Amino acid sequence: MANWLLKTEPDCYSWDDLVRDKKTTWDGVANALALKHIRTMQKGDLALVYHTGDERQAIGIAEITSKPYADPKEGDDRLAVVDLKPKKKLARPVSISDIKADKAFAGWDFLRIGRLSVVPVPEAMWDHLLKLAEPGKDE
């Protein structure tokens, strides 16, 4: 299984929207590298849902519930999507400031390629980020 970070503008589609809907199709991705990442996703992979804009924080964990497939709304086989469902909200959101200040995240594509909307999360970084999200962690 792999882990991912999926960026979303909370004004367009937020964690709370995903919880309310119980599932969604993760679409609207056009960047070639982000689409390449989507095409490698597998059913059962986990993804951090990250709010961009004014929030700039990881807010919850979702589960990928389908293999990648062509976006049915676009009619272009190059535009891949996956389905996902909410798994759990993080006890404490992890901000971009927390991530940038922590040497454990050095070299991560999330920080190196800031505009990329779908980013793999190496296992050690995933585990560390989840520790930062534990209640009472103010590192």
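Tally time: how many residues in the range 92-124 are in contact with a strand residue (DSSP E or B) (Cβ under 6 Å, 6 or more places away or on another chain) and of a type in the set (Gly, Ala, Ser)?
2
Taking the range 102-119 as the search range and keeping residues that are in contact with an Asp or Glu (Cβ under 8 Å, 6 or more places away or on another chain) and surrounded by fewer than 18 Cβ atoms within 10 Å (Cβ to Cβ), which one is farthest from residue 72 (Cα to Cα)?
102
Within the range 21-43, is there a residue that is without any contact (Cβ under 8 Å) to a residue 24 or more places away in the chain and within 15 Å of the chain's Cα centre (by Cα)?
Within the range 21-43, one or more residues are without any contact (Cβ under 8 Å) to a residue 24 or more places away in the chain and within 15 Å of the chain's Cα centre (by Cα).
Surrounded by 12 or more Cβ atoms within 10 Å (Cβ to Cβ), free of Cβ contacts under 8 Å to residues at least 40 places away in the same chain and not aromatic (Phe, Trp, Tyr): is that true of residue 66 in this structure?
yes
Yes or no, residue by residue, for (1) touching a Cys at 6+ places or on another chain (Cβ under 8 Å); (2) part of a strand (DSSP E or B); (3) modelled with pLDDT under 95:
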position	(1), (2), (3)
43	no, no, no
48	no, yes, no
54	no, no, yes
60	no, yes, no
66	no, no, no
72	no, no, yes
82	no, yes, no
89	no, yes, no
92	no, yes, no
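Can you work out which of the residues in the range 11-57 that are touching a Gly at 6+ places or on another chain (Cβ under 8 Å) and within 24 Å of residue 128 (Cα to Cα) is surrounded by the fewest Cβ atoms within 10 Å (Cβ to Cβ)?
Across the range 11-57, the extreme among qualifying residues is 15.
Please work out which one of (1) within 21 Å of residue 89 (Cβ to Cβ); (2) small (Gly, Ala, Ser); (3) in contact with a strand residue (DSSP E or B) (Cβ under 7 Å, 6 or more places away or on another chain) is the condition residue 53 fails and give its number.
Checking residue 53 against (1) within 21 Å of residue 89 (Cβ to Cβ); (2) small (Gly, Ala, Ser); (3) in contact with a strand residue (DSSP E or B) (Cβ under 7 Å, 6 or more places away or on another chain), the one that fails is (3).
Looking only at the range 23-41, count every residue that is outside any helix (DSSP H, G or I), aliphatic (A, V, I, L, M) and modelled with pLDDT of 95 or more and tell me the total.
So the count comes out to 1.
Residue check, residue 94 against (1) β-branched (Val, Ile, Thr); (2) out of contact with any Ser or Thr (no Cβ under 8 Å at 6 or more places or on another chain); (3) surrounded by fewer than 19 Cβ atoms within 10 Å (Cβ to Cβ), all met but one. Which one?
(3)
The values are calculated or read from the model by the stated rules, or taken from the named source; none is laboratory data. Everything numeric in this text was worked out from a predicted model, so none of it was measured. Positions of Cβ are generated from backbone atoms using ideal geometry, with glycine treated the same way; all protein chains shown enter the neighbour counts.
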